[in-house]
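To start, the structure itself, in structure tokens.
None of the figures in this text is laboratory data; all of them are computed from the coordinates on show. The model shown is predicted, which means the values in this text are computed figures rather than measured ones. Virtual Cβ from ideal backbone geometry, glycine too; neighbours counted across all protein chains shown.
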Amino acid sequence: MLRSSLLYLSRQQRIFDFVKNVGFARQMASRFVAGETITTAIEAVARLNDHGITASLDLLGESVTSEAEARETGRQYLEILDRIAARKLHANVSVKLTALGQDISDELGVEVVREVLTRAKQYESFVRLDMESSAYTDRTLDTFEQRLYPDFRDHVGIVLQSALRRTLDDVDRANRLQCRVRLCKGAYLEPADVAFPEKADVDRNYVVAMHRLMEHGRYPGIATHDEAIIAEAKRFAQERGIASDRFEFQMLYGVRRDLQEQIVKEGYRMRVYVPFGSQWYPYLMRRLAERPANIAFMAGNIVKETLHR
């Protein structure tokens, strides 16, 4: 019921038109989304850099329905990379292939993402291919391995989700390729034959995948706010003699900022995923709808951060 309600609200333009002009609502949204423009996102990255934190910028939006939209999204990513380079910021970008035209045609998606990758290569930067629902996993990984990675080995990477039952096999595949992986738990609601329905199993799978990536992978991104898993990553690194510059921790913009800064002070690398754009309302509502427990998660992390101040 809650999930259906959130999805319904995400499609109501009139509600967005109202909410976007409500000061409190915009203030809450600004905690998790770095504004609506490239300029506001760049300033958010600069502030993170001032605290020793790197970033990955994500222009909100997915599943575009026209070639013009796909090409405009690609153009904006080129501008983002230009602006990052001009400011000499420590940041890269994250893209969704469906935002670059994959749902229109694979050829269009590949063409647009290759333009973004070419610009990233020019700046010695990096592009992360975000993972969407399991319906896109094979398409994304096959496109990456066959059509992108051969020409952009140092400039493109993937995301794997520990919620999926297949992920350990995908981790082994990535390690054989020696490509860069961001490991996250995954926020999509998936059928039980595809994903683990229990959080304990998702966490267990995450730790096994994390160990394999840390020991045998290429500079993995450990994307989690789970303090127990973060502690295990540190313990494992110390036990296996894995230097702190061989991996990085990653978190979401606005979530556990206290923990982000603590990790940096301990000498580890931290990257924050920074979403921005005009689609912040439907983005947040869809994310909450995919896993309504995220409402409590976000509220709980605000309380935790407040108590740690």
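Here are some notes:
- Nitroxide proxy distance, nm - points 7 Å out along Cα→Cβ at Ala135 and Ala85: 3.6
- The relative contact order of segment 33-278 comes to 23 percent, based on Cα pairs under 8 Å that sit 6 or more residues apart.
- Neighbour net charge for His211 - beta-carbon separation under 14 angstrom, K R +1, D E -1: +1
- Inter-site label distance for Arg147 and Ala192 at 7 Å from Cα along Cβ, in nm: 3.6
- Cβ crowding within 10 Å ranks Leu117, Leu141 as Leu141, Leu117, fewest other Cβ atoms first.
- Residues Lys121, Lys199 in ascending order of nearby Cβ atoms (within 10 Å, fewest first): Lys199, Lys121.
- For the pair Ser105 and Thr37, a Förster radius of 30 Å applied to the C-beta separation gives a FRET efficiency near 0.55, rounded to the nearest 0.05.
- Ranked by how many other beta carbons lie within 10 Å on average, peptides 255-268, 181-194 from highest: 181-194, 255-268
- Using the average count of surrounding beta-carbon atoms within 10 Å as a protection proxy, the listed peptides 61-74, 85-98 rank, highest first, as 85-98, 61-74.
- Ordered by the number of other Cβ atoms lying within 10 Å of each residue's own Cβ, fewest first, Ile84, Ile242 fall into the sequence Ile242, Ile84.
- The calculated FRET efficiency for His211 paired with Arg47, based on their beta-carbon distance and R0 = 51 Å, is about 0.95.
- About its Cα centre, the dipole of segment 33-278 is roughly 860 debye, where the only charges are +1 on Lys and Arg Cβ and -1 on Asp and Glu Cβ.
- Positive-end residue, segment 29-129 charge dipole about Cα centroid, Cβ charges, pick of Ala85, Val33, Val113: Ala85
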